Amino acid sequence: MCHKRLNMTKSKNTTVFVILSLLCFMVGVHAKDTINFAPLPMKNATKNIQDFVPINSYLKQKLNININYVYKNNYQDILDSFVNGDIDIAYLGPLPLVSLHQKYPYLKPIITFNQKNGSEKYRCVLTKFKKDKFDITKRFKVALTQPLSTCGYFMTQKLLKDNFGVELKNQYYDYTMSHSNAILGSLSGEFLIAGAKDSIAKKYNSIGIEIIAQSEYLPGFTLVANTKTLTFKQITQIQDILLDIPSKVYKSWKGISSKGFVKASINDYDVIDVDFKKIPLKGNMK
């Protein structure tokens, strides 16, 4: 059946092939008793894992499964491991999710995390130390997160261009590998400007970091399941359990889970229009 359907008309061929491929692979997938989970390295490793302890403990209790943390420092390594079948669920921002989906159709967004403002959407921002002068007539140093980070080169370039008429490619820039590292780089004086997620940047307001530009609202951070390694039933169970968590339970948790979740859809990320070939993989500082 899977092979015969490949003879459909050209206009329907791609869609039908993807659907049938998913079905063919899922037939051979067995329910797992250990799920490999990878969070994006937005903070240091300890804090990243702490953010997910409540939600993962809840899933373990409800489904009687084990959750194995897979921690990687590089966004691309997470995506590669997802494709290789070494990661069953990943916590992804919009840009890495779009990048993964372009190359690998076997994924399903499960839930999107609400932010402190009560919405699942968030902003990217530009920050600097309050006492530093920002002279756009001179070349300056910019701290970025990672190449595949939404608030990295992609949004930092847009914010500099739209708000200050400055091209990022004409400045000095380097990747610091996390949002916190980027902000701390501007605080220490190593960089003048940093690009980061709004909620992380606001945590540093009290020590002199200020936001000088912010993006429009972007689709949120999402748990994405690997349909090649998890069964449809298992994915549905996980999604239903998380969406049914009583508010009094998740409000008692600390970290990113404390504001609750909404059901995620791959269509939410259609607004992310990016040419990945234009995002440099390395900085230009020596």
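Among the residues of region 195-203, is any under 19 Å from L40 (Cβ atoms), assigned to a loop (DSSP other than H, G, I, E, B) and assigned by TED's automatic domain parsing to the domain that holds D132? Write out each step before concluding.
Step one: filter region 195-203 for residues under 19 Å from L40 (Cβ atoms), giving 195-203.
Cutting the leftovers down to assigned to a loop (DSSP other than H, G, I, E, B) gives us 203.
Now restrict to residues that are assigned by TED's automatic domain parsing to the domain that holds D132: 203.
Yes - at least one qualifying residue is present in region 195-203.
Checking each residue in region 45-97 for being polar (S, T, N, Q) and under 29 Å from S247 (Cβ atoms) picks out T46, N48, Q50, N56, S57, Q61, N64, N66, N68.
Report whether or not L95 is more than 16 Å from N226 (Cα to Cα), assigned to a helix (DSSP H, G or I), in the same structural domain as L243 (by TED's automatic domain parsing) and at pLDDT 95 or above. It would help to see each step written out before you state the result.
Numbers: more than 16 Å from N226 (Cα to Cα): yes; assigned to a helix (DSSP H, G or I): yes; in the same structural domain as L243 (by TED's automatic domain parsing): yes; at pLDDT 95 or above: yes.
Against the criterion (more than 16 Å from N226 (Cα to Cα), assigned to a helix (DSSP H, G or I), in the same structural domain as L243 (by TED's automatic domain parsing) and at pLDDT 95 or above), L95 qualifies.
For A225, the conditions (1) part of a loop (DSSP other than H, G, I, E, B); (2) over 25 Å from M285 (Cα atoms) are fulfilled apart from (1).
Scanning region 245-270 for residues that are of a type in the set (A, V, I, L, M, F, W, C), over 21 Å from M42 (Cβ atoms) and part of a loop (DSSP other than H, G, I, E, B) yields a total of 1. Flag not set for L242, criterion: in contact with a helix residue (DSSP H, G or I) (Cβ under 9 Å, 6 or more places away or on another chain), part of a loop (DSSP other than H, G, I, E, B), in contact (Cβ under 8 Å) with a residue 60 or more places away in the chain and not small (G, A, S). If only one of F25, F82, F52 is within 15 Å of T229 (Cβ to Cβ), at pLDDT 90 or above and not assigned by TED's automatic domain parsing to the domain that holds A182, which one is it? Just a single option satisfies the conditions, and that option is F82. For T156, the conditions (1) touching a residue at least 60 places away in the same chain (Cβ under 8 Å); (2) assigned to a helix (DSSP H, G or I); (3) of a type outside the set (A, V, I, L, M) all hold with the exception of (1).
Would a scan of region 133-152 turn up a residue that is part of a helix (DSSP H, G or I), touching an Asp or Glu at 6+ places or on another chain (Cβ under 7 Å), outside the structural domain of D51 (by TED's automatic domain parsing) and at negative phi? Looking through region 133-152, none of the residues is part of a helix (DSSP H, G or I), touching an Asp or Glu at 6+ places or on another chain (Cβ under 7 Å), outside the structural domain of D51 (by TED's automatic domain parsing) and at negative phi. (1) at pLDDT 85 or above; (2) over 19 Å from the mean Cα position of the chain (by Cα): which one isn't true of K32, the others all being true? For K32, the failing item is (1).
Per this entry, I65 is not counted among residues that are closer than 28 Å to A196 by Cβ and either at pLDDT 95 or above or in contact with a helix residue (DSSP H, G or I) (Cβ under 9 Å, 6 or more places away or on another chain) (or both).
Residues checked against (1) touching a residue at least 60 places away in the same chain (Cβ under 8 Å); (2) in the same structural domain as F140 (by TED's automatic domain parsing); (3) in contact with a strand residue (DSSP E or B) (Cβ under 9 Å, 6 or more places away or on another chain); (4) not charged (D, E, K, R):
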residue: I209; (1), (2), (3), (4): yes, yes, yes, yes
residue: K248; (1), (2), (3), (4): no, no, no, no
residue: G255; (1), (2), (3), (4): yes, no, no, yes
residue: K286; (1), (2), (3), (4): no, no, no, no
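Residue count for region 100-122 satisfying the condition of being modelled with pLDDT of 95 or more, in contact with a Lys or Arg (Cβ under 8 Å, 6 or more places away or on another chain), assigned to a loop (DSSP other than H, G, I, E, B) and closer than 20 Å to F154 by Cβ: 0.
The values are calculated or read from the model by the stated rules, or taken from the named source; none is laboratory data. Remember, predicted model here, so these are calculated numbers, not experimental data. Note: ideal-geometry Cβ built from the backbone for every residue, glycine included; neighbour counts use all protein chains shown.
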